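Bear in mind these aren't lab numbers, they're just calculated from the coordinates by the rules spelled out. These numbers were taken from a predicted model, which means no experiment stands behind them. Virtual Cβ from ideal backbone geometry, glycine too; neighbours counted across all protein chains shown.
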Amino acid sequence: MAIMMTRRYEDAAHRAVAWLLERQRPDDLACHYKSPAVLGLAGHPREARAALEEVVARFGTADGDFATAEGVKSRNAIFDEFWSYPNGWIALAAQRLGRFGVARGSYEHLLGYRAPDGGFRSNGSAATEPDVLSTAHLGLVALQLGDLGTARAAGLWLSRFLAAGPERGREFLLRANGTGPLEVLSTGAPDQPYFMIGYPIGFLAKLHDATGSADVLATAEGFADYALRCGDNLRSCQLSHKVAWGAALLARATGTRCYVELATDIAEHLLAVQAADGSWSPGAPDVTTFDDTAEIAHWLLEITAELPPPSG
C-alpha cells in the first residue's frame, strides 16, 4: 500500500514535469528558477542543465545575483521582499548538477544576506530582520555546499527564535519583530503560508542528519509541533507543500507515525488539486503557475524518497 501511494506521488510529479517540458517559459525569473532543480530530480539531467544555463544567461548578474531586469526580481511582487529566495534554489540546483562555479558564485552572493547572529535576511536591506524561511532556505544551501559552520549558525538562530516564543496568542511570528508581508501565521485562519514553517522543519532535519545533534532535532520537532496544532486546514492547503517534505524527513529520523500521517495527508491533497494537464494553479498568472507546478512536483519527489518504509 505504501509503495502504491508513493508511486502515485511520483506519477503526479512526472505529469507536472511533462507540463514544464512542453511549454516555453515566459521571460520572468519566477517562471524559471525552480525548473533546474525539479528537472534534475525527475531524471532529466540534460534538460536540467539546459534550464540552468538559460537561467544564468538570461537572469544572471556579474555579482552572482539573478533578476528579471535591473532592479526587478520578478513581476511577482513578493520577490521584492524575498529577493534572496530564488537564488537559493538556483544555487542548490547548480550544486546538484555539478555546475560548481555557478553554485559557488551564487552562494558567495547569498552570504551577503547573512546577519551577524547567524540568521539570513530575505533581502539586501540591513534594516530587514532575519526570518525563518530565509534562514532555513539559505542554511540548507550552506549545508549542501559544505559550509557546515554557516549551516550550524542558521540552525542555532532557528533554535533561539523558537525558544524565544514566537507564538503569540493565535499568531506565530515568522520574523522577530512580526512586521512586513507574510511575517505572521494566524492560527486557525484558512490557507496560511504554511510553507514558512515547513522549511525550518526540513532544513533542521537535514542538519540533524549531518551533525547528529539532538538539540537540532528537537528544534525541528518544535516547529512541527506548531504545524500539528494548526488543524485540518494545514492538511488541505496547497501552501503546505514544504510542511509535507519536512514531516517526511522527521518521520524517517524519528519513526513517529504522526509525521507520516502529516506528510501523506498533505500530499494526498496536493494530488487532489492538480489540474488535468499536470499543472498546479492553472488559472493564476504565469509567474505563479510555473512556480507552483515546479515546486510541488519537486516536493512530491522528495517526499517519495524520504518517507520511511512501513515497519513489520
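Observations on the model:
- Full extension of the segment from Asp27 to Glu167, taken as 0.36 nm per residue of separation minus the current Cα-Cα distance, would add 46.4 nm.
- Which of Leu111, Leu301, Leu174 has the fewest Cβ neighbours within 10 Å, and the rest in rising order: Leu111, Leu174, Leu301
- Relative contact order for the range 29-70, counting Cα pairs under 8 Å that sit 6 or more residues apart, in percent: 35
- Charge dipole of the range 131-201 (Cα centre as origin; +1 on each Lys and Arg Cβ, -1 on each Asp and Glu Cβ, all else neutral): 180 debye, rounded to the nearest 20.
- The candidate values are (1) 18.0, 57; (2) 20.7, 63; (3) 24.9, 77; the one derived from this structure for Rg and Dmax of the Cα atoms in Å carries the label (1).
- Taking label positions 7 Å along the Cα-Cβ direction at both Ala218 and Cys258, the computed distance is 1.7 nm, reported to one decimal.
- For the chain, calculated [θ]222 nm from helices alone, where every DSSP H run of n ≥ 4 adds -39500 (n - 2.57): -19000 deg cm²/dmol
- Of all segments of the chain bounded by trypsin sites (Lys or Arg not before Pro) found in a DSSP loop with no more than 12 other C-beta atoms within 10 Å, the longest spans 1-169.
- Paramagnetic label zone (point 7 Å from Cα along Cα-to-C-beta, Glu10; backbone N under 17 Å) in the range 274-305: 297-305
- Estimated Rh, the range 256-312: Kirkwood, alpha-carbon pairs, angstrom: 12.5
- Only one residue of Thr187, Phe161, Ala218 has its Cα farthest out toward the positive end of the dipole of the range 114-240, where Lys and Arg carry +1 and Asp and Glu -1 on Cβ, and that residue is Phe161.
- Taking amide H positions as modeled 1.01 Å from N, with prolines and chain starts lacking one, the residues under 5 Å from Phe120 and 5 or more places away or on another chain are Ala115, Asp131, Thr135.
- Magnitude of the charge dipole for the chain, about its Cα centre and with charges confined to Cβ atoms of Lys, Arg (+1) and Asp, Glu (-1), is about 500 debye.
- Förster-model FRET efficiency, 22 Å R0, Ala305 and Ala50, C-beta, rounded to 0.05: 0.40
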